[in-house]
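The values are calculated or read from the model by the stated rules, or taken from the named source; none is laboratory data. Given the structure is predicted, the values throughout are model-derived calculations rather than measurements. Ideal geometry is used to build each Cβ from the backbone, glycine not excepted, and the neighbour counts take in all protein chains shown.
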Amino acid sequence: MAILPGGGDLRMAVLVRDEKGLSALEMALLLPLFVLIIMGGFEIWKLMMLKRALYIGTYQAARYLASNDRFRDSETDLARQFIENELQGSGLYSSQMSLASTNVTLGQLCRLQSGFDYNCGWRPVTVEAELVVPVEIPSFFERRSQGLRLLRLKGRCYDNPCRTCEK
């Protein structure tokens, strides 16, 4: 056993200066943080794309309902079909999610502002929808985790084609 001038052990000094396992230790400590950031970013992206699909669905429903005044179904059912088709087309819509409410508000038929009392067949329309998405958010600061939480995404679109009708 070699003794150093300060009275220490040579083997211990060699082990203290050895850095072979340092990068593996750093990786083991930082890998969970990187995975958490990547998975969290993906979940946020998914919610943003669902919100976008919800808005596009309400926009399409409002445009269709504003330009057509004869419907086979009720306005709410028709708007719900537009919204569900757009959500399913996004590829992110699952059976756990639900379209909680869909409201359609129809305005009065537009009339030309000229001397004639002419109905151009369009009307202002507001379509509102609410999508309930279950999201699992870990609770680090609470004693017990609450599991899935329901996140409500809202989409609203107002379309008034009467502005072009009045010109």
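Working only within the range 71-110, note down all residues that are surrounded by fewer than 15 Cβ atoms within 10 Å (Cβ to Cβ) and among the acidic types (D, E).
Residues satisfying the conditions are D73, D77.
When you check R72 against the structure, is it charged (D, E, K, R), at pLDDT below 85, over 30 Å from Q108 (Cβ atoms) and out of contact with any strand residue (DSSP E or B) (no Cβ under 8 Å at 6 or more places or on another chain), yes or no? Break it down stepwise before answering.
On the way: charged (D, E, K, R): yes; at pLDDT below 85: yes; over 30 Å from Q108 (Cβ atoms): no; out of contact with any strand residue (DSSP E or B) (no Cβ under 8 Å at 6 or more places or on another chain): yes.
Spelling it out, it is not the case that R72 is charged (D, E, K, R), at pLDDT below 85, over 30 Å from Q108 (Cβ atoms) and out of contact with any strand residue (DSSP E or B) (no Cβ under 8 Å at 6 or more places or on another chain).
Please name all residue pairs, on different chains or six or more residues apart, with Cβ atoms under 6 Å, provided the first residue is in the range 130-159 and is exposed (fewer than 14 other Cβ atoms within 10 Å of the Cβ) and the second residue is modelled with pLDDT under 85 and among the β-branched types (V, I, T).
R149/V135; R149/I137
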